[in-house]
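The structure appears below as structure tokens.
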Amino acid sequence: MKFVIPSLARYSIINNKTLKLLNNYNVPKKDIYVFVVEEEAELYREQIDPEINIVTGKKGIAEQRAFISNYFNEGEKLVSLDDDISKIYELHNNKLIELDSIYKLCDKAFTLLNGQGMAGVYPTDNPYYMSHNISTDLKFCIGQMRMFYNTQAIENSRTYKLLEDYETSLKYWLEKKIIRFNNICLKADFNKLAGGLKTTCNRDYNTKALEVDKFYNENKVYCFVSDRLTKAGRKIDIRFKNKLKKK
């Protein structure tokens, strides 16, 4: 099992986020791979423990995730984590507590997948909406943490920048298998920290709306559009339909 972290412009942050998290879970440094862009590789090497693997990959979310897949063997067990995760939580009696063991979670995920597919976690850290079940129907698995048997045909086929995790969720469900732990969530700082893969593409409402419209028109049998006003402004997203069956 390999732990892979795509990272961009966070060489001064990653030690106190995801790398600290993995160290707390006693993940061996030799099993951790940080994928960076060429111009930042030396900066990461100066900051990160030399036992951790630093690999020069590609710039861009889709491009880096494809590079990671091609770097490892087909079918290999991979745990992909964003570089800004500080906690992994488990739902317990309607409250969130820190996950006891990342290995127990990952081992359970790969056992349930039984050789193929992808497992994910609940996309928000709000216990009110979470549950103690594990979904096996089509569910959105956020890209912040994925446990998957490396499937290069899927990992190399991303065509979306802002909806790549929706695209990946759908493809794994259609072509392999997908599960989601609705009792597991993350604490991360995606929108608060400088740098990150989010900086490689425009994420404003109008740009995202174009992607949402394209995704919906290509996959409307599986999804619908959620366009709403929030305290932070207008937001648009894809939502998968419930209890779908594969054809």
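The values are calculated or read from the model by the stated rules, or taken from the named source; none is laboratory data. Everything quoted here is computed from the prediction, not taken from an experiment. Note that each Cβ is placed from the backbone with ideal geometry, even for glycine, and that neighbours are counted across all protein chains shown. Keep in mind that these areas ignore ligands, DNA and RNA; they rest on the heavy atoms of the full protein, side chains included. Shrake-Rupley method; radii C 1.70, N 1.55, O 1.52, S 1.80 Å.
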Point to revise | 18 Å Cα-Cα reach of Lys177 towards lysines, excluding residues that sit fewer than 8 places from it in its own chain | key: Lys77, Lys108, Lys139, Lys241, Lys243, Lys245, Lys246, Lys247
Exercise for review: Return the ratio Rg/(2.2 N^0.38 Å) for region 1-98, where Rg is computed over Cα atoms only.
Suggested key: 1.11
Exercise for review: Measure of size requested: the Rg and Dmax of region 113-244, with Cα atoms as the atom set and Å as the unit; please supply both.
Suggested key: 14.9, 43
Check your understanding: Put a dot 7 Å past each Cα toward the Cβ at Arg239 and Lys104; how far apart are the dots in nm?
Key -> 3.4 nm
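So which chymotrypsin sites (Phe, Trp or Tyr not before Pro) in region 55-137 are both in a DSSP loop and have at most 14 other Cβ atoms within 10 Å of their Cβ? Kindly include the intermediate steps, with their values, before the conclusion.
Numbers: sites: Phe67, Tyr71, Phe72, Tyr89, Tyr103, Phe110, Tyr128, Tyr129; in loops: Phe72, Tyr128, Tyr129.
In loop regions of region 55-137 (DSSP not H, G, I, E or B), the sparsely surrounded chymotrypsin sites (Phe, Trp or Tyr not before Pro) are Tyr128, Tyr129.
Express as a percent, rounded to the nearest 5, the fraction of DSSP beta bridges in the chain (both residues included) that run antiparallel. Write out the running numbers ahead of the final one.
Numbers: 27 of 42 bridges.
DSSP beta bridges in the chain are roughly 65 percent antiparallel.
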Review point. With springs only between Cα atoms under 10 Å, which of Tyr205, Tyr33, Tyr44 fluctuates most in a Gaussian network model of the chain?
Key: Tyr205
Review point. What does a probe at Glu74 reach in region 97-120, counting residues whose amide N is under 11 Å from the point 7 Å along Cα→Cβ?
Key: none
Point to revise | the chain, accessible surface, carbon-and-sulfur percent (1.4 angstrom probe) | key: 47 percent
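Loop-only GluC sites (Glu not before Pro) in region 1-91, please: DSSP not H, G, I, E or B, and at most 12 other Cβ atoms within 10 Å. Spell out each step's value before the answer.
Numbers: sites: Glu38, Glu39, Glu40, Glu42, Glu46, Glu51, Glu63, Glu74, Glu76, Glu90; in loops: Glu51, Glu74, Glu76.
Sparse-neighbourhood loop GluC sites (Glu not before Pro): Glu51, Glu74.
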Study note, to complete from the structure: The correct ranking of Asp213, Asp31 by accessible area at 1.4 Å, largest first, is Asp213, Asp31
Exercise for review: Just need the Rg to Rh number for the chain, please, alpha carbons only, Kirkwood Rh.
Suggested key: 0.94
Exercise for review: Counting only C-alpha contacts under 8 Å and six or more residues apart, can you give the relative contact order of the chain as a whole percent?
Suggested key: 21 percent
Check your understanding: Please state the equivalent ellipsoid semi-axes for region 60-181: what are the square roots of 5 times the Cα gyration tensor eigenvalues, largest first, in whole Å?
Key -> 24, 15, 14
Review point. Assuming R0 = 30 Å, what is the FRET efficiency of Met1 and Lys214, from their Cβ-Cβ distance, to the nearest 0.05?
Key: 0.30
